[in-house]
Amino acid sequence: MQAVKAEDLYNIVSLGNLRVSGKTAVFARNQAKADGSGYWNYLDLYQDGALKRLTTLGEEKSFALVGHQVYYASSAVKGKTLLYQQGLDQAAPVKLALLPKNGYQVAGSVGERYLLLSRRADLAEKSHDGYQVMDELPFYFNGQGYINKLRDRLYLWDLEKGGLTRLFADDPNFTVMDFFVCGEKIYVVGVSYTTRRPFDGGIYELDPTTQAVKELVPAGQVEVSAIFALKGQTYVLANCHQVTGLNENPEFYRLTDHGLELAAHWDDTAQSAIAGDCSVIGGNASDVYGDKFYFVTTLTDHDELYVFDGTEARPFFATDGLIKGFRMVGEDEFYLEAAFANELLEFYHVKNGYAEKVSSYNDAALAGKYVAKVSEVEYDSSEDGVQHGWVLLPKDYEPGKKYPAILDVHGGPRAVYSKIFFHEMQVWAGAGYFVFFCNIHGSNGQGNKYGDLRGRYGTVDYDDLMKFTDAVLAKYPDIDQTRMGITGGSYGGFMTNWVIGHTDRFKAAASQRSIANWLSFEHLSDISPEFCVDQVGATEDDDPAKVWFHSPLKYAKNVTTPTLFLNSDEDYRCPMAEGMQMFHALLSNGVEARMTVFHGENHELSRSGRPENRLRRLHEISNWFAGHLDK
């Protein structure tokens, strides 16, 4: 069998944005372009038991399905937006309208009467070449660039009469953060601001016929995950930040005339928290069918579907991997985009608990390849009893022979590693490495208490990581303890920086899009300062010593591990300056270091960056480890 290669990235198909009409399904299919410059996005149709390609333009990712028609937008005309309508009989698309500005996207529909369109607009409706004016917070946002004076707007397109109507048109400063359709009503999460945008938006009810708007919950109170209606009662799945802060999981609330009233406790996620590098486009985490609300939750290391009836949530369907999206088509029947253990995403028809695989998009990508199967390793965590992680065995493994190994740390910190196919890890296993990974304290999937790292970064999580490493080495004595590497991105980059400042047991490290200094991060990240004060538990004003204590840069003087730093110059979540500080400190202290900066990329480089840069990134890490661990 052949090893999985970095270049196999080009053969992997991603799915998302599933929509249904009756028992007909339409969803987006994504694959890297052969030249590495971007991705092709098409819509596929599942109807009468057959799977077919529906569209051909290559940019159809966001769309609406209304009856037997799909609607999507195109940017083919410079400075304008083409709105298309296409029947499910696979006839050629019809140009429904030419909108006078670019950037419109079909975001959804309300019944069979209205399309919902979104567009980001400049308040001045003009661009500035050569310089940028900033007078708001946040002034930039990861994956979106500089957003100063930009506002996200929502529009209605009347399918009966034609014409585009902007919602909240009387307030130019209003920005839409999310929206949900419940029957014939639209619930919008958003806020009007002129200087600083609140972390949480308000909740507004909107009648699409009259466009009358009613504020239900003021901004600054809750972070909304979903709004839905059951038996005439409106519910909100929301995080009130009252137990474990910003990273708290949402609970169920009834929306009343007096605000939000707790309907049911919930301690886990309301969407997938599973980390991966083979899923480029978004999915959907919830659906309403009949008088029940169905949603995705991550439990320990896998995704399940739960159902909420207005009183309690209970299990409905379980996988051993990732649920990207689903849509109900019957009481015990639904369509599913999922990746099961050791596998990539595919489309499934599930009935009476049995999942029938319908698609074979990724069969060719893995044909004849050595796919290392996950092997579980238990360890005694520092506070939470017995936990487990996994090991991938190297290709052509021979017991008794010594091998190098790589420890991979997930981001978040509330992300979760699972048993699904992870491209970078399989590349390293194919190259002859043991690869091991786990969900240390701070990960999601085990309730709010286990996931609460506030004020504890680099303490209990570091202890767990070292205990897991010890357990792996005890179970697999063929790992050469003098040839171990560590890598991770975002929070995983923070942990990589932290680890090399506290132990020399790793011979090489690759720190990706990391945090080095909470004192600087507080004023540089797009999610600060809320995230910093919430997670570190202090600011530079009230307790600078505590902020500095949790900063890996404080311990850079202890580092002896050769380290590769990878950053993107448009990463505004963990800005490039964070990696630069560690890189500068190591070189200043005479420690071998290298830094790679990817131009035009952001925090999502490893997941949805340009394929050519994702490939270069993986080669950079692999070559760094080969140069230091294969000796």
>> Which condition from (1) of a type outside the set (S, T, N, Q); (2) out of contact with any Cys (no Cβ under 6 Å at 6 or more places or on another chain); (3) in contact (Cβ under 8 Å) with a residue 12 or more places away in the chain; (4) over 25 Å from Gly143 (Cα atoms) is the one that Leu262 breaks?
In response: (3)
>> Can you go through Ala545, Ala538 and tell me which one is surrounded by fewer than 24 Cβ atoms within 10 Å (Cβ to Cβ) and touching a Gly at 6+ places or on another chain (Cβ under 8 Å)?
In response: Ala538
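Please work out if Tyr370 is in contact with a helix residue (DSSP H, G or I) (Cβ under 9 Å, 6 or more places away or on another chain) and modelled with pLDDT of 95 or more. Give the steps one after another, and end with the answer.
Values: in contact with a helix residue (DSSP H, G or I) (Cβ under 9 Å, 6 or more places away or on another chain): yes; modelled with pLDDT of 95 or more: yes.
In short, yes.
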> Is there any pair linking a residue in region 501-516 that is crowded, with 24+ Cβ neighbours inside 10 Å to one that is acidic (Asp, Glu) and not in a loop (DSSP other than H, G, I, E, B), with Cβ under 6 Å and at least six apart or on different chains, and which?
Replying inline: Ser514/Glu578; Ile515/Glu578; Ala516/Glu578
>> Looking at region 349-367, can you tell me whether even one residue there is surrounded by 22 or more Cβ atoms within 10 Å (Cβ to Cβ), in contact (Cβ under 8 Å) with a residue 24 or more places away in the chain and not hydrophobic (A, V, I, L, M, F, W, C)?
In response: no
> Within region 76-101, can you find the residues that are modelled with pLDDT under 95, surrounded by 11 or more Cβ atoms within 10 Å (Cβ to Cβ) and under 16 Å from Arg166 (Cα atoms)?
Replying inline: Lys101
>> What pairs come out if I take residues in region 372-389 that are farther than 18 Å from Ser418 by Cβ and touching a residue at least 40 places away in the same chain (Cβ under 8 Å) and pair them with residues that are assigned to a strand (DSSP E or B) and of a type in the set (Val, Ile, Thr) whose C-beta lies under 8 Å away, six or more apart or interchain?
In response: Asp380/Val386
>> For region 573-593, check the following and say yes or no: at least one residue is free of Cβ contacts under 8 Å to residues at least 40 places away in the same chain, over 20 Å from Thr503 (Cβ atoms), of a type in the set (Asp, Glu) and outside any helix (DSSP H, G or I).
In response: no
>> Can you find, within region 114-135, the residue that is farthest from Ile186 (Cα to Cα) among those that are charged (D, E, K, R) and modelled with pLDDT of 95 or more?
In response: Arg120
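Considering each of Asp408, Asp452, Asp380, Asp464 in turn, give the residue that is among the acidic types (Asp, Glu) and closer than 30 Å to Tyr10 by Cβ. Don't jump to the end; show me each part of the working.
Numbers: Asp452 fails: closer than 30 Å to Tyr10 by Cβ; Asp380 fails: closer than 30 Å to Tyr10 by Cβ; Asp464 fails: closer than 30 Å to Tyr10 by Cβ.
That would be Asp408, the only listed residue that is among the acidic types (Asp, Glu) and closer than 30 Å to Tyr10 by Cβ.
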> Got at least one residue in region 473-488 being of a type in the set (Lys, Arg), surrounded by 17 or more Cβ atoms within 10 Å (Cβ to Cβ), at pLDDT 95 or above and more than 29 Å from the chain's Cα centre (by Cα)?
Replying inline: yes
> For region 274-310, which residues satisfy the criterion of being in a strand (DSSP E or B) and hydrophobic (A, V, I, L, M, F, W, C)?
Replying inline: Ile274, Val288, Phe293, Phe295, Val296, Leu299, Leu305, Val307, Phe308
> When you scan region 148-180, how many residues do you find that are in a strand (DSSP E or B) and not basic (Lys, Arg)?
Replying inline: 16
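Check whether at least one residue in region 275-283 is over 18 Å from the mean Cα position of the chain (by Cα), in contact (Cβ under 8 Å) with a residue 40 or more places away in the chain and crowded, with 22+ Cβ neighbours inside 10 Å, and report yes or no. Walk me through it before giving the result.
Kept after step one, since they are over 18 Å from the mean Cα position of the chain (by Cα), are these residues of region 275-283: none.
No, there is no match, as no residue in region 275-283 is over 18 Å from the mean Cα position of the chain (by Cα), in contact (Cβ under 8 Å) with a residue 40 or more places away in the chain and crowded, with 22+ Cβ neighbours inside 10 Å.
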> Thr561 is checked against (1) among the polar types (S, T, N, Q); (2) more than 24 Å from Gly600 (Cβ to Cβ); (3) under 27 Å from the mean Cα position of the chain (by Cα) and fails just one. What number does that condition carry?
Replying inline: (3)
> Within region 322-342, how many residues are under 16 Å from Gly16 (Cα atoms) and in a loop (DSSP other than H, G, I, E, B)?
Replying inline: 1
> What is the number of the single condition among (1) out of contact with any Cys (no Cβ under 9 Å at 6 or more places or on another chain); (2) closer than 21 Å to Glu424 by Cβ; (3) in a strand (DSSP E or B) that Trp390 does not meet?
Replying inline: (1)
> Name the pairs whose Cβ atoms lie under 7 Å apart, with the first residue in region 68-88 and closer than 22 Å to Leu45 by Cα, the second among the aromatic types (Phe, Trp, Tyr) and not in a strand (DSSP E or B), and 6 or more positions between them or separate chains?
Replying inline: Ala73/Tyr104
>> Give me the residue from region 401-414 that is surrounded by fewer than 24 Cβ atoms within 10 Å (Cβ to Cβ) and among the small types (Gly, Ala, Ser) and, out of that set, farthest from Asn249 (Cα to Cα).
In response: Gly411
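Please pick out the residue among Ala64, Ala73 that is of a type in the set (A, V, I, L, M), farther than 15 Å from Asp158 by Cα, at pLDDT 95 or above and under 29 Å from the mean Cα position of the chain (by Cα).
Working: Ala64 fails: farther than 15 Å from Asp158 by Cα.
Residue meeting the stated conditions: Ala73.
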> How many residues does region 310-326 contain that are touching a residue at least 40 places away in the same chain (Cβ under 8 Å) and buried (at least 19 other Cβ atoms within 10 Å of the Cβ)?
Replying inline: 7
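Would you be able to tell me the number of residues in region 368-387 that are assigned to a loop (DSSP other than H, G, I, E, B) and surrounded by 14 or more Cβ atoms within 10 Å (Cβ to Cβ)? Break it down stepwise before answering.
Keep residues of region 368-387 that are assigned to a loop (DSSP other than H, G, I, E, B), which gives 368, 371-374, 381-385.
Within this subset, residues satisfying the condition of being surrounded by 14 or more Cβ atoms within 10 Å (Cβ to Cβ) are 371-372, 374, 381-382, 384.
Final tally of qualifying residues: 6.
Can you go through Asp35, Asp8 and tell me which one is touching a helix residue (DSSP H, G or I) at 6+ places or on another chain (Cβ under 9 Å) and buried (at least 16 other Cβ atoms within 10 Å of the Cβ)? Break it down stepwise before answering.
Working: Asp35 fails: buried (at least 16 other Cβ atoms within 10 Å of the Cβ).
Just one listed residue meets the conditions, Asp8.
Is it fair to say Leu566 is part of a helix (DSSP H, G or I), buried (at least 23 other Cβ atoms within 10 Å of the Cβ) and not small (Gly, Ala, Ser)? Even if it seems obvious, please write down each step before you answer.
Details: part of a helix (DSSP H, G or I): no; buried (at least 23 other Cβ atoms within 10 Å of the Cβ): yes; not small (Gly, Ala, Ser): yes.
Here the answer is no, as Leu566 does not meet what is asked.
The values are calculated or read from the model by the stated rules, or taken from the named source; none is laboratory data. Computed from a prediction, not measured in an experiment: that's the story for all the values here. Heads up, the Cβs are rebuilt from the backbone with ideal geometry, glycines too, and the neighbour counts pull from every protein chain shown.
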